[in-house]
Amino acid sequence: MKKIWFSLFCAGLLLVLTSCGQGQAEQQDAETKQKIALILGFGGVDDRSFNQAGWEGLEKWGAAKKLQAKKDFTYIETNDPQENSTNINQAVENGFTTIISLSYLQADALEEAAKQHPELKFALVDGEVKGIKNVVSATFKDQESAYLAGLAAAYTTKTNEVGFIGGMEGPVIQRFQKGFEAGVEAGAKELKKEIKVSVQYAASYDAPDKGKVIAAAMYEAGADILYQAAGSTGAGVFQEAKARNENAPDQKVWVIGVDRDQSDEGNYQLADGKMGNFTLTSTKKNVGAAVTEIAESISDKKFSGGKSLHFGLKEAGVDLTDGQLSESARQAVAIAKNKIIKEELIVPEK
């Protein structure tokens, strides 16, 4: 009888120990498993620009890792400046262990959250948070691709007037503006002519109507090429250009896209029923690659906390599409691109 009770006792003890071991293993898995939340900037996930590029990058990475969207990785939209902190806190409260922000406007909120939660990992794309070990920053040399866009505009304009429409004033959009102006100036010098550059900010990344009004005024004043770096506000610029090209095809105007290849935004119908396109070219920002690199580094346990990653033409972080550039414009762009990569040409960002 004693032998039976002893056997039962040993079996029960073994079961308890096994259960404890499984429980500890599950707890360790839960602790090491990374859940990623992408905090978007203004304009929504389908802004056909920065946010969309970032989410598409994370979505592709998650699919390759066989992770479940909305559970293992998700995005949170930002519609108001007051949501910068609440969205980051929401991600923390919902158990996400890595929070990636896609807006330099969220830098302060991200820094505060990182200090409060040193056990979590944070990343700021398109901005910098310095000196915090659980935060990695990723910035782009937007001035380099914008320079190429300005050069292309100089080689294309027929009115010798071009325009730049920015979203909200700040260091990021300033890089686009300064690079574009420098490129136009260089192109004008090469072609031995004077080109006027008009600049206006919409004070918003999600105001297409305002973008349309600004574009209309610039086109009306004589500009035939507009470069927009304004998030979904830029959709209004495309709308205005489309209306003008369809109503006055003999006075073609152009738009330069931003962050991703926006050639599909420039489609319009000609009077003979054929299709035309007014997206001259687009400056590409490899936001998806930056997001993917951050996510992959966490997966590989090589998180670059406390560091800043920089993506320029040399790192294939930014670029310019061929679009509908003339051969002379393409050649000028290729020469300038090579000089920038070799650091023979330094593009101003301020």
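Measuring how big segment 153-233 is from its alpha-carbon positions, Rg and Dmax come out at 12.5, 38 Å. With R₀ fixed at 25 Å, the C-beta to C-beta distance from SER85 to LYS133 puts the FRET efficiency at about 0.75.
Can you work out the FRET efficiency for the pair GLN200 and LYS302, with r the C-beta to C-beta distance and R0 = 56 Å, to the nearest 0.05? Walk me through the numbers on the way to the answer.
On the way: r = 43 Å, r/R0 = 0.77.
Result of the calculation: an efficiency of 0.85.
Packing around the peptides 63-70, 202-209, taken as the average count of other Cβ atoms within 10 Å per residue, puts them in this order, highest first: 202-209, 63-70. Global size of the chain: 25.2, 107 Å for Rg and Dmax (C-alpha atoms, Rg to one decimal, Dmax whole).
Surface calculation, 1.4 Å probe, protein heavy atoms: GLU93 sits at approximately 150 Å² accessible. Surface composition of segment 133-258: carbon plus sulfur atoms hold 47% of the accessible area, using a 1.4 angstrom probe and ignoring ligands, DNA and RNA. For the chain, a simple Cβ point-charge model (Lys and Arg +1, Asp and Glu -1, everything else neutral) yields a dipole of about 1080 debye relative to the Cα centre.
Checking the a/c ratio against 1.5 first, then a/b against b/c, what shape does the Cα gyration tensor give for segment 72-128? Rounded shape, in that the Cα axes give a/c under 1.5.
May I ask you to compute the full-extension gain from GLU169 to GLU343, defined as 0.36 nm times their residue separation minus their alpha-carbon distance, rounded to one decimal in nm?
On the way: separation 174, 0.36 × 174 = 62.64 nm, distance 2.77 nm.
Full extension from GLU169 to GLU343 adds 59.9 nm.
Among beta bridges from DSSP that stay inside the chain, the antiparallel ones total about 15%.
Put LEU345, LEU38 in order of accessible area, largest first, 1.4 Å probe: what do you get? Mind dumping the intermediate values first?
Numbers: LEU345 45, LEU38 0 Å².
Highest to lowest solvent-accessible surface, that is LEU345, LEU38.
Between MET275 and GLU119, full extension at 0.36 nm per residue minus the direct alpha carbon distance yields a gain of 50.7 nm.
Relative to one another, the C-alpha centroids of segment 109-160 and segment 267-330 are positioned 13 Å apart. Between ASP72 and ARG330, the modelled label-to-label distance comes to 4.1 nm, taking each label 7 Å out from Cα in the direction of the beta carbon.
Please list 267-277, 108-118 highest first by mean number of surrounding beta-carbon atoms within 10 Å per residue.
Numbers: 267-277: 11.1, 108-118: 16.4.
Those peptides, ordered most packed to least, come out 108-118, 267-277.
Other residues lying with their Cβ under 11 Å from the Cβ of ASN160 contribute a combined charge of 0, Lys and Arg counting +1, Asp and Glu -1. Residues TYR147, TYR75, ordered by accessible area of protein heavy atoms at a 1.4 angstrom probe radius and largest first, appear as TYR75, TYR147.
When LYS210, LYS158, LYS307, LYS35 are compared by accessible area at a 1.4 angstrom probe, the order from most to least is LYS158, LYS307, LYS210, LYS35.
The values are calculated or read from the model by the stated rules, or taken from the named source; none is laboratory data. All of these numbers come straight from a predicted model, not from anything done at the bench. A quick note on method: Cβ atoms are made from the backbone with ideal geometry, for glycine too, and the neighbour counts reach across all protein chains shown. Note: accessible area is taken over every heavy atom of the protein model, side chains too, but ligands, DNA and RNA are not part of it. Shrake-Rupley method; radii C 1.70, N 1.55, O 1.52, S 1.80 Å.
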